[in-house]
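Trainee: Starting off with a structure, shown below.
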Amino acid sequence: MIKKFVLSVSAGLESVAKKEVEKQGGKIIEVVDRLITFEGTFETAAKVNLWSRVGNKVFLLLAEEENIEDFDDLYGLVNTIDFKNLIPKSSPIIVKATSLRSELHHTPTMQSITKKSIIDKLWGWSIEENVDLPKFEILTLLLNNKARILLNLSWDALHKRGYRREAWEAPIKESLAAGLVLLSGWRFKEPFYDIFCGSWTISIEAAMIAKNIAPGLKRNFLIVDLGFISEEKMWELKAEARTKKFDWTYRIFGSDIDEEMILIAQKNAADAGVADEVSFEKMDFKRALHKWLEKDQEAEGCLVTNPPYGLRLEADMESLYKSIDVIFRKNPKLNWWFISNYMEFDSFAKKDFYKKRKLYNWAEKCYFWKKK
Ligand SMILES: C[S@@+](CC[C@H](N)C(=O)[O-])C[C@H]1O[C@@H](n2cnc3c(N)ncnc32)[C@H](O)[C@@H]1O
């Protein structure tokens, strides 16, 4: 049966997410700020869960309406949903709410109104919840006064691939790292570099993209627990995904001045199935560029990196980013990009040389700079 689904995504990655949905057979209905609405079957939604590298969560769209400007409107919209046919008796129900550029913006009240409307709709059923049953997570989302009532089909956000161990320093989000690689247009035959690679997130995601490893292979999805797709079907989709893996050789080089993360990074790469693809060397970024690029004037390749932005002294930051500016301009054959929240870069960089795209790492605004 054809249904409407929504893939949420971090701002700035909508065009990449749209292509991902189309690739899995979803018919795009609408692309707005951070939301890709598509039509398809539950199998399509399961495949988007399994294959989306940049998405946050896949939802079933239960109801939507424009001009929801007071709580009565919201209550009424939620009340149109046939919850008795959707939610098994005693299932725990969690309600979340988000609002952006809308009249209704007090999210705790949006949550309680949604929950009240659901409970009223389930009138006659016991309100006792059986915590052993899968959870139904409803998201009430208001964007420009349009309300969408969504049911989470992913559970944990899709950036949780199941390969990453806890790191001591906040690394870049996996879905953003994958988005950067996809935006960079890296052609897999050429070498790929990350000269501030930390825990290797960008390199691991690049290797998974090159090898066409589905990012969701190592995790479960709520779409199965809620019974919209059988375990056998999901197993089949994962088995089919495994047959799509490419086994060519890729040249992915990561380097960092610090090797404290190396053991964790190596384990992460092994768990992600790309241990042999990533080579790591401990070195300063200037030495890495010299070693990899400048010795060979014909060197070509793609460099996507996430330089530090929390250095103790502003003078250190400026000097590091000035070096990046100079070195990058000296390597015109390289397809290079970097992401940072160091906004001061524009004040001294050669402006004509750069273009930039606004992106978010977790909630932090960053720019993804590249040469024009
Ligand atoms: C923002 S973090 C990169 C995080 C990485 N993308 C990840 O997901 O783990 C910046 C990294 O730059 C490294 N670094 C700082 N100064 C450096 C230098 N001069 N040369 C090379 N690496 C450096 C730090 O050790 C840190 O791992």
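The values are calculated or read from the model by the stated rules, or taken from the named source; none is laboratory data. Every value quoted in this text rests on a predicted model; they were computed, and no experiment measured them. Heads up, the Cβs are rebuilt from the backbone with ideal geometry, glycines too, and the neighbour counts pull from every protein chain shown. Only protein heavy atoms, including side chains, enter the accessible area calculation; ligands, DNA and RNA are left aside. Shrake-Rupley method; radii C 1.70, N 1.55, O 1.52, S 1.80 Å.
Trainee: With respect to Ile339, determine if the residue is under 30 Å from Arg219 (Cα atoms), within 14 Å of the ligand (Cβ to nearest atom) and hydrophobic (A, V, I, L, M, F, W, C). Give the derivation first.
Mentor: On the way: under 30 Å from Arg219 (Cα atoms): yes; within 14 Å of the ligand (Cβ to nearest atom): yes; hydrophobic (A, V, I, L, M, F, W, C): yes.
Answer is yes for this residue.
Trainee: While we're on this one: Can you name the residue in region 270-284 that is outside any strand (DSSP E or B) and within 27 Å of the chain's Cα centre (by Cα) and is also farthest from the ligand (Cβ to nearest atom) among such residues? Quick ask: steps written out before the conclusion?
Mentor: At the first step, the residues of region 270-284 found to be outside any strand (DSSP E or B) are 270-277, 283-284.
Next, from what is left, pick out any that are within 27 Å of the chain's Cα centre (by Cα): 270-277.
Working: Ala270: 16, Asp271: 15, Ala272: 13, Gly273: 18, Val274: 15, Ala275: 17, Asp276: 20, Glu277: 16 Å.
Going through the qualifying residues, I end up with Asp276.
Trainee: Another question, if that's okay. Being under 17 Å from the mean Cα position of the chain (by Cα), under 14 Å from Ala147 (Cα atoms) and surrounded by fewer than 18 Cβ atoms within 10 Å (Cβ to Cβ): is that true of Val32 here?
Mentor: On the way: under 17 Å from the mean Cα position of the chain (by Cα): yes; under 14 Å from Ala147 (Cα atoms): yes; surrounded by fewer than 18 Cβ atoms within 10 Å (Cβ to Cβ): yes.
In short, yes.
Trainee: Also: Considering only residues that are of a type outside the set (Val, Ile, Thr), open to solvent by 50 Å² or more (accessible area, probe 1.4 Å) and away from the ligand (no atom under 14 Å from the Cβ), which ones fall in region 248-263?
Mentor: Correct list: Trp248, Arg251.
Trainee: Within the set of pairs 6+ apart or on separate chains, which have a first residue in region 201-216 that is within 15 Å of the ligand (Cβ to nearest atom), a second that is part of a loop (DSSP other than H, G, I, E, B) and polar (S, T, N, Q), and C-beta atoms under 9 Å apart?
Mentor: Matching pairs, first to second residue: Thr201/Asn306; Ile202/Asn306.
Trainee: Determine whether region 111-126 contains at least one residue that is within 16 Å of the ligand (Cβ to nearest atom) and touching a strand residue (DSSP E or B) at 6+ places or on another chain (Cβ under 7 Å).
Mentor: Looking only at region 111-126, we keep the residues that are within 16 Å of the ligand (Cβ to nearest atom), and these are none.
No, because not a single residue in region 111-126 is within 16 Å of the ligand (Cβ to nearest atom) and touching a strand residue (DSSP E or B) at 6+ places or on another chain (Cβ under 7 Å).
Trainee: Consider region 181-200. How many of its residues are assigned to a loop (DSSP other than H, G, I, E, B), within 14 Å of the ligand (Cβ to nearest atom) and either farther than 14 Å from Phe253 by Cβ or more than 18 Å from the chain's Cα centre (by Cα) (or both)? I'd like the intermediate steps shown before the answer.
Mentor: Keep residues of region 181-200 that are assigned to a loop (DSSP other than H, G, I, E, B), which gives 185-191, 195-200.
Next, only the ones that are within 14 Å of the ligand (Cβ to nearest atom) stay: 195-200.
Imposing the further condition that a residue be either farther than 14 Å from Phe253 by Cβ or more than 18 Å from the chain's Cα centre (by Cα) (or both) reduces the set to 195-199.
Residues flagged as assigned to a loop (DSSP other than H, G, I, E, B), within 14 Å of the ligand (Cβ to nearest atom) and either farther than 14 Å from Phe253 by Cβ or more than 18 Å from the chain's Cα centre (by Cα) (or both) within region 181-200 amount to 5.
Trainee: If you scan region 315-343, which residues turn out to be acidic (Asp, Glu) and surrounded by 13 or more Cβ atoms within 10 Å (Cβ to Cβ)? Walk me through it before giving the result.
Mentor: The first filter runs over region 315-343 and keeps only residues acidic (Asp, Glu), leaving 316, 318, 325.
Glu318, Asp325, listed by residue number.
Trainee: Which pairs turn up if I take residues in region 240-266 that are closer than 23 Å to Trp336 by Cα and look for partners that are of a type in the set (A, V, I, L, M) and crowded, with 18+ Cβ neighbours inside 10 Å with beta carbon separation below 7 Å, at least 6 apart in sequence or on another chain?
Mentor: As it stands, the answer is Tyr250/Ala207; Tyr250/Ala210; Ile252/Ala206; Ile252/Ala207; Ile252/Val278; Gly254/Val278; Ser255/Ile195; Ser255/Ala288, since those pairs meet every condition given.
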